[in-house]
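First up is the structure itself, then whatever we jot down about it.
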Amino acid sequence: MLRHQPLTRTHNNITVFIDARNSHSATHFNNSPKLKALATTVIQTIDATRPNIQIDYDFGSVVGFCDLTVTSDSDDIVYAKRLGRTIYSRFVKNKEMEPTTFVTVVLQRIPAGYLLLSAWLGPSVPPFPGDRREWPESRYFWKTHALIFGNQAIDERTLTSSCPW
């Protein structure tokens, strides 16, 4: 059985594949069933030419709920590894998800086309600190933002209130 399955094609006719069992996008698709169709729509608008692509697309109307939020010193913050991840994510316990008009997709060039690494409801954000694709602004961004706790499956054994990065 193929590990990467064709998902769709970009606007400039390049095949985009997905690891439907073990990718970050697969876990997000399980959490938000409409996301796969939305991500496919976004991919079909892209003229893919760069080795790595991260793009957020504004649908202009609400497409779902975003689990990213701005945080303050008064928020209840915890850290944990999401299932299928090797690095810690920052979570906030005392906030609710908000409606979003954005869908973000992350693609990486592979010999056969592109691989969909991740997709989520909400705007584009930097990778978490410790990710091999970490951006210079990752640490600052994730000190002031967090994911809403309870929306994504975590490894309970990794739950901590101490910042791991």
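Considering the range 64-85, and only residues there that are without any contact (Cβ under 8 Å) to a residue 40 or more places away in the chain and polar (S, T, N, Q), the residue that is surrounded by the most Cβ atoms within 10 Å (Cβ to Cβ) turns out to be Ser72.
From the residues in the range 38-63 that are hydrophobic (A, V, I, L, M, F, W, C) and within 25 Å of Phe149 (Cα to Cα), which one is surrounded by the most Cβ atoms within 10 Å (Cβ to Cβ)? If we take residues in the range 38-63 being hydrophobic (A, V, I, L, M, F, W, C) and within 25 Å of Phe149 (Cα to Cα), then Ala39 is surrounded by the most Cβ atoms within 10 Å (Cβ to Cβ). Taking interchain pairs and intrachain pairs at least six residues apart, which have beta carbon atoms under 8 angstrom, with the first residue in the range 24-42 and over 13 Å from Phe65 (Cα atoms) and the second among the basic types (Lys, Arg) and at pLDDT below 95? Going by the 8 Å Cβ cut-off, the qualifying pairs are His24/Arg85; Thr27/Arg82. Taken residue by residue, the range 115-138 has no member that is farther than 26 Å from Phe59 by Cα, buried (at least 17 other Cβ atoms within 10 Å of the Cβ) and more than 15 Å from the chain's Cα centre (by Cα). With respect to the conditions (1) more than 25 Å from Arg21 (Cβ to Cβ); (2) in contact (Cβ under 8 Å) with a residue 12 or more places away in the chain; (3) loosely packed, with under 14 Cβ neighbours inside 10 Å, Phe102 lacks only one, and its number is (3). The condition of being closer than 17 Å to Ile53 by Cα and aromatic (Phe, Trp, Tyr) holds for only one of Tyr114, Tyr88, Tyr140, that being Tyr114. Restricted to the range 86-99, and to residues there that are polar (S, T, N, Q) and assigned to a loop (DSSP other than H, G, I, E, B), the residue that is surrounded by the fewest Cβ atoms within 10 Å (Cβ to Cβ) is Thr86.
The values are calculated or read from the model by the stated rules, or taken from the named source; none is laboratory data. If you're wondering where the values come from, they're calculated on a predicted model, not measured in any experiment. Positions of Cβ are generated from backbone atoms using ideal geometry, with glycine treated the same way; all protein chains shown enter the neighbour counts.
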